[in-house]
Each structure stands twice: as C-alpha cells, then as structure tokens.
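K.L.:
Provided herewith is a single structure, encoded as structure tokens, for subsequent inquiry.
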Amino acid sequence: MARETKHDEVAVDDDSSDGDEPCLAYMFDGAAATEERTLQLTKDIAVRYYCLEASEDAAKTAHISGHSAWPAAATLAKRVVEDWDLLPHRSALELGCGCGVVGLACAALGCQRVEFTDRDEGALKLARRAVELQGFSGCTAARRSWGAAEFAGERFDLVVGSDLIYDPGVVGPLVAAAAAALADGGCFLLSQSFALGDESTAALKGACAARGLRLELVEEDGAATFWRARRRESVSAIAARCPAFELAPLRFLVCWRGVLALAFEGWPLPVERLKRNLDGALGDALPAENPGSKWPKVSLAAVVDGAAPLSPADYEALDGVLRSHELPNSRWAVEALAMTLYAQPSHEFVLDAKRIALGLPGRDAAAVSEAARSSAAAVVAETAEPSYVDQANLPGGAPETYRAVDRGASLVAFLDDAALRAAVDALRVKVDAAFPGRYAWFDADARHCTLRALA
C-alpha cells in the first residue's frame, strides 16, 4: 500500500494565467509513490501508472490531488481509445496530467508525440516513471502553468485533461492554454469526476466561446462528465485536411420519385472523419444532414413531368437494365472536393465553386465501416422489393424540381472519373431506347456526389 507522505504547499507565480491569482502547487518526493496500477483499455492494450492512491471519491484524496487517480482519468482514457480513429492524434498534450493516465493511453495507441504537463514536479515524476516502465517513445514531461502565453507557438492535435475544473477561477486559464495549444482541426477533451456548479459550468461555456471553441457535452453519467471542444474553422480548412479517398461503385438503381442514380458501397473512413469534424467544429451553424448524403450516390436523371407511372412490369424491366449494366472494375479516386454555391440543386447552374485539393491517400482510403456498408446495402435491397414500384412512382422527382432556382451551398465531389462517365453515357443509351422520352438526364459536368449540405 502507498505510505503517507507529507506535502509542502508552494506558491507558484504564474504570469501567464490571464490575470488570475497565483495558486498552490504540491511538491513531494516522487519516489514515495510506489503503488503501480494497471488500466485495461482494450482486450489487448493496457497501461501501467504510478500513484499514491487510486480513489473513487475525489474528496478522500484531494489532499494528494495529482498524485492520486480519480475515475475521470480512466473514463477519459477509455473514451480516447473508443474514438481514436475519429480523433486527430499525431500529437497529444495532457494538461494537469497528474499520474498521466490519459497521456499514457495516447502513447499506448501509437501517438507519435505526447507531452505531459503539470505544475507539480512530483506528478511529472510519476508520468516519467510510467513512460520508462513501458518503453514509450516520443514522450516528454514539462512543468507548466495554464494560460495562453505558456503554450504560444506550440500545437497539438489532441489536448486532454481530467478533473481539472475544481474552481471557476481556473477555468479561464485552462481553456486559454488548451486553445493556444490546439492545432488547426485539433480537439480538446475534458472529463470531470464530480459535478460542476452552475458557476463553473457557465465559466466553461463562456471561456470556450471567447476562445473560438465549440463546446459539446458528450456524456454525463455516474462515473464522469465528458466534454469535447473544437476550434471553429472554415469548411474549406477542415475539408483540406481530409486525405484523398476512393469510392467503390455498387450499382445503378432507381431511387424514390423515379430518379436514376449510381450508388457506391458506402462512405470510406476518411469521409466519416470529415463529416464528424465538420459537425464537431460547425455543427450548430450547419443544417441537419439530409438523408440523401448519408450514403454516397450520384443522381443521373429525373422523370419527365407528365410521364406515365411505371407498372410493376415496367419497373422490373427498368431495374433489369440498371442491374445488368456493366460497371468498371475499379474505384473512383476522389482527389478534390468542391464547396459550391448553386442556383439549381442539380448543379447545372453553379454561382460559384471553390476547389479543395485533398491530401495524400492513407491506408484506409477505400476502407468502409460495416455500418456504412450496411446502410448503402439496405438502400439497394429496398429497390428489390416488389412494392418498391410505389416509391419509384412518388411525385416530386421531375427535372423542374432539380432545375428550379433554389439557392444553397454544398460540399461535393464532381464525377471526374473517365470510366464511370463512359459507363453512365452507355447506360443513357440503353434506358432511352427502352423508355423513350421518360428521362431527362443531368448535364455530364454537373454530375456530383454530395458529402454534406452547408446551407
């Protein structure tokens, strides 16, 4: 068991805390913390850390503060593991690290650079010893106060902290430090073992708003409360960090209201992260995502106004043409997106478009999650139901709907793949021969896949 240790209170002169009063730091002999604990993060990943005592009740170990381990640290570490693939994570900074549990989790997950910071040199000794114990590379530890000036010029993808908001007065300097340290597109994760009062909660919201961070209460349960904050950025800046990705063609199909479309197997992981980043940074300023962009497709043609409804036999024949039409045995490599201001939803009349080049493709450029794959497959499976002809005959899919003046903004990928464009052109010949005069086809240069409506 850990032995009782005397702590000396030392006033720390902090001229970087945006005008707040100096506060007390605890100094102690780090060698006294000999209790080694293990936190199992996944079936295969665990981290070991040192502490004087691990406690489910912060009040009982408040006198040793950062030298104890409270539930919020474990809760945040496990949450980081769960969300790792959706978080920016090349570099991580733990503020007020204490035993360093969350930073150690980042290191265990392969983060290239992890910095542990605390006012207390004794706490930093615990973090350093745990790093040495596990042989993690790329880790540093530094005694730092909170405030914008303390982290000027340094940038981290991920900033984490647990059980730090013990008083409203520390909220401002804490958020200032996090905001100053965040890289473009970075994420600040904060967890708390005990409930905040109204004053501290208001201080957290106000400090984030003042620093240009969008704060979101993610989870509130018995173990800990968990917040996420992201820097407000432009859509183009967020999109530009997305690596190039690949879309695998699935099949041509009839959508609701008779619209013909080319469907893909599902959004790959880079697009899922992009969507999450857009919502995280700008969610309260963006419209709710339309159902049509939750799975990837390119709309090709709309039913001419006044065309007779499809009979079950007609639909079966049309679906047979679409199903049997050959697709290229390759993926569409999307290397650029466009942020469009359009006058017509069909994008045949675009007022302005900004091209956004994507980064180099990663190993997961074509990887599609099971959930995304299932979502697209469910849409396609629906079209095979005998009753689907009723959805195909729903009104509202006339070309005039898509070509009406209805201004908006979207993030799209224009179909620039030569093989797919040729396949669409060949399909048009077949459909027009089987159903002459039924379909109005959208201009080839207007064909696009919508990732997200912006306005």
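K.L.:
Working carefully through the options Ala141, Ala127, find the one that is in contact with a helix residue (DSSP H, G or I) (Cβ under 8 Å, 6 or more places away or on another chain) and either open to solvent by 10 Å² or more (accessible area, probe 1.4 Å) or assigned by the TED database to the domain that holds Leu269 (or both).
P.N.:
On the way: Ala127 fails: either open to solvent by 10 Å² or more (accessible area, probe 1.4 Å) or assigned by the TED database to the domain that holds Leu269 (or both).
Of the residues listed, the single one that is in contact with a helix residue (DSSP H, G or I) (Cβ under 8 Å, 6 or more places away or on another chain) and either open to solvent by 10 Å² or more (accessible area, probe 1.4 Å) or assigned by the TED database to the domain that holds Leu269 (or both) is Ala141.
K.L.:
Consider segment 237-264. How many of its residues are open to solvent by 20 Å² or more (accessible area, probe 1.4 Å) and under 19 Å from Leu337 (Cβ atoms)?
P.N.:
Final tally of qualifying residues: 6.
K.L.:
Let me ask something else. Anything in segment 270-287 that is under 26 Å from Phe442 (Cα atoms) and over 11 Å from the mean Cα position of the chain (by Cα)? List them, or say none. Reasoning before the result, please.
P.N.:
In the first step, residues of segment 270-287 are kept if they are under 26 Å from Phe442 (Cα atoms); the result is 271, 287.
Listed by number, the list holds a single entry, Pro287.
K.L.:
Name the single residue that is least open to solvent (accessible area, probe 1.4 Å) among those in segment 390-420 being charged (D, E, K, R) and under 25 Å from Leu274 (Cα atoms). First the steps, then the outcome.
P.N.:
Of the residues in segment 390-420, the ones charged (D, E, K, R) are 390, 400, 403, 406-407, 416-417.
Add one more test, that the residue is under 25 Å from Leu274 (Cα atoms), and what stays is 407, 416-417.
On the way: Arg407: 167, Asp416: 105, Asp417: 29 Å².
Result: Asp417.
K.L.:
May I pose another question? Among the residues that make up segment 367-385, is at least one of them in contact with a helix residue (DSSP H, G or I) (Cβ under 9 Å, 6 or more places away or on another chain), of a type in the set (Val, Ile, Thr) and over 16 Å from Val259 (Cβ atoms)?
P.N.:
Checked segment 367-385: at least one residue is in contact with a helix residue (DSSP H, G or I) (Cβ under 9 Å, 6 or more places away or on another chain), of a type in the set (Val, Ile, Thr) and over 16 Å from Val259 (Cβ atoms).
K.L.:
With (1) at pLDDT 85 or above; (2) open to solvent by 20 Å² or more (accessible area, probe 1.4 Å) as the list, and Gln192 as the residue in question, which single condition is left unmet?
P.N.:
(2)
Residue by residue, here is whether (1) farther than 29 Å from Ala207 by Cα; (2) under 27 Å from the mean Cα position of the chain (by Cα) holds:
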residue	(1), (2)
Cys106	no, yes
Glu115	no, yes
Leu124	no, no
Gln134	yes, no
Ser137	yes, yes
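K.L.:
All but one of (1) under 23 Å from Leu86 (Cα atoms); (2) among the charged types (D, E, K, R); (3) touching a helix residue (DSSP H, G or I) at 6+ places or on another chain (Cβ under 8 Å) hold for Glu335; state the number of the condition that does not hold.
P.N.:
So the condition that Glu335 fails would be (3).
K.L.:
Right, something else. Considering every residue within segment 164-179, establish whether at least one is touching a residue at least 40 places away in the same chain (Cβ under 8 Å), buried (at least 16 other Cβ atoms within 10 Å of the Cβ), among the hydroxyl-bearing types (Ser, Thr, Tyr) and farther than 30 Å from Met339 by Cβ.
P.N.:
The answer is no, given that none of the residues of segment 164-179 is touching a residue at least 40 places away in the same chain (Cβ under 8 Å), buried (at least 16 other Cβ atoms within 10 Å of the Cβ), among the hydroxyl-bearing types (Ser, Thr, Tyr) and farther than 30 Å from Met339 by Cβ.
K.L.:
In addition: So for segment 158-176 (the condition being aromatic (Phe, Trp, Tyr) and assigned to a helix (DSSP H, G or I)), does at least one residue qualify? Give the steps one after another, and end with the answer.
P.N.:
Applying the first criterion (aromatic (Phe, Trp, Tyr)) to segment 158-176 yields 166.
Pick out the ones that are also assigned to a helix (DSSP H, G or I) and you get none.
Within segment 158-176 (the criterion being aromatic (Phe, Trp, Tyr) and assigned to a helix (DSSP H, G or I)), the answer is no, since none of the residues qualifies.
K.L.:
To continue, here is another question. Have a look at Leu174, Leu95, Leu109 and point out the one that is farther than 17 Å from Arg228 by Cβ and touching a Phe, Trp or Tyr at 6+ places or on another chain (Cβ under 8 Å). Steps first, answer last, please.
P.N.:
Numbers: Leu174 fails: farther than 17 Å from Arg228 by Cβ; Leu95 fails: farther than 17 Å from Arg228 by Cβ.
It is Leu109.
K.L.:
Something else now. The conditions are (1) in contact (Cβ under 8 Å) with a residue 12 or more places away in the chain; (2) surrounded by fewer than 18 Cβ atoms within 10 Å (Cβ to Cβ), and Leu213 fails exactly one of them. Which is it?
P.N.:
Leu213 satisfies every listed condition except (2).
K.L.:
Report yes if Phe226 is within 24 Å of Ala285 (Cα to Cα) and either among the aromatic types (Phe, Trp, Tyr) or in the same structural domain as Trp295 (by the TED database) (or both), otherwise no.
P.N.:
On the way: within 24 Å of Ala285 (Cα to Cα): yes; either among the aromatic types (Phe, Trp, Tyr) or in the same structural domain as Trp295 (by the TED database) (or both): yes.
It is true that Phe226 is within 24 Å of Ala285 (Cα to Cα) and either among the aromatic types (Phe, Trp, Tyr) or in the same structural domain as Trp295 (by the TED database) (or both).
K.L.:
Any residue in segment 308-328 that's among the hydroxyl-bearing types (Ser, Thr, Tyr): show its pairings with residues that are open to solvent by less than 50 Å² (accessible area, probe 1.4 Å) and modelled with pLDDT of 95 or more at Cβ separation under 6 Å, as long as the two are six or more apart or on different chains.
P.N.:
Tyr315/Val389; Tyr315/Ala392
K.L.:
With respect to the numbered conditions (1) part of a helix (DSSP H, G or I); (2) closer than 19 Å to Val81 by Cβ; (3) not aromatic (Phe, Trp, Tyr), which one is the sole condition not fulfilled by Glu132?
P.N.:
For Glu132, the exception is condition (2).
K.L.:
Which numbered condition in (1) crowded, with 21+ Cβ neighbours inside 10 Å; (2) farther than 21 Å from Ala77 by Cα is the only one that Ser234 fails?
P.N.:
Unmet for Ser234, out of (1) crowded, with 21+ Cβ neighbours inside 10 Å; (2) farther than 21 Å from Ala77 by Cα: (1).
K.L.:
Suppose we keep only residues that are more than 20 Å from Ala73 (Cα to Cα) and not in a loop (DSSP other than H, G, I, E, B) within segment 207-229. Which one would you say is modelled with the lowest pLDDT? Lay out the reasoning, then the answer.
P.N.:
At the first step, the residues of segment 207-229 found to be more than 20 Å from Ala73 (Cα to Cα) are 207-214.
From what's left, not in a loop (DSSP other than H, G, I, E, B): 207-210, 213-214.
Values: Ala207: 95, Cys208: 94, Ala209: 92, Ala210: 93, Leu213: 91, Arg214: 88.
Per the criteria, the residue is Arg214.
K.L.:
Another question, then. Kindly list, by first and then second residue, each pair from a residue in segment 288-305 that is not assigned by the TED database to the domain that holds Pro345 and at pLDDT below 95 to a residue that is crowded, with 22+ Cβ neighbours inside 10 Å and hydrophobic (A, V, I, L, M, F, W, C), limited to pairs with Cβ atoms under 6 Å and residues at least 6 apart or on different chains.
P.N.:
none
K.L.:
Right, another one. Taking the condition of a type in the set (Val, Ile, Thr), farther than 15 Å from Leu164 by Cβ, touching a helix residue (DSSP H, G or I) at 6+ places or on another chain (Cβ under 9 Å) and modelled with pLDDT of 85 or more, does Val101 pass?
P.N.:
Numbers: of a type in the set (Val, Ile, Thr): yes; farther than 15 Å from Leu164 by Cβ: no; touching a helix residue (DSSP H, G or I) at 6+ places or on another chain (Cβ under 9 Å): yes; modelled with pLDDT of 85 or more: yes.
Taking the combined requirement at face value, the residue does not satisfy it.
K.L.:
So which of Ala353, Ala333 ends up being farther than 18 Å from Asp406 by Cα, touching a strand residue (DSSP E or B) at 6+ places or on another chain (Cβ under 9 Å), in a strand (DSSP E or B) and among the aliphatic types (A, V, I, L, M)? Give the steps one after another, and end with the answer.
P.N.:
On the way: Ala353 fails: farther than 18 Å from Asp406 by Cα.
After ruling out the rest, the residue left standing is Ala333.
K.L.:
Among the residues of segment 374-382, are any in contact (Cβ under 8 Å) with a residue 40 or more places away in the chain, touching a His at 6+ places or on another chain (Cβ under 8 Å) and open to solvent by less than 60 Å² (accessible area, probe 1.4 Å)?
P.N.:
no
K.L.:
Still on this structure: Restricting attention to segment 317-351, and to residues there that are farther than 23 Å from Gly396 by Cβ and among the acidic types (Asp, Glu), which single residue is farthest from the chain's Cα centre (by Cα)?
P.N.:
Glu326
The values are calculated or read from the model by the stated rules, or taken from the named source; none is laboratory data. Small disclaimer: the values here were computed from a predicted structure and weren't measured. Neighbour counts are summed over all protein chains in view; Cβ atoms, including those assigned to glycine, are modelled from backbone coordinates with ideal geometry. Heads up: the accessible areas ignore ligands, DNA and RNA and are worked out on the full protein's heavy atoms, side chains in. Shrake-Rupley method; radii C 1.70, N 1.55, O 1.52, S 1.80 Å.
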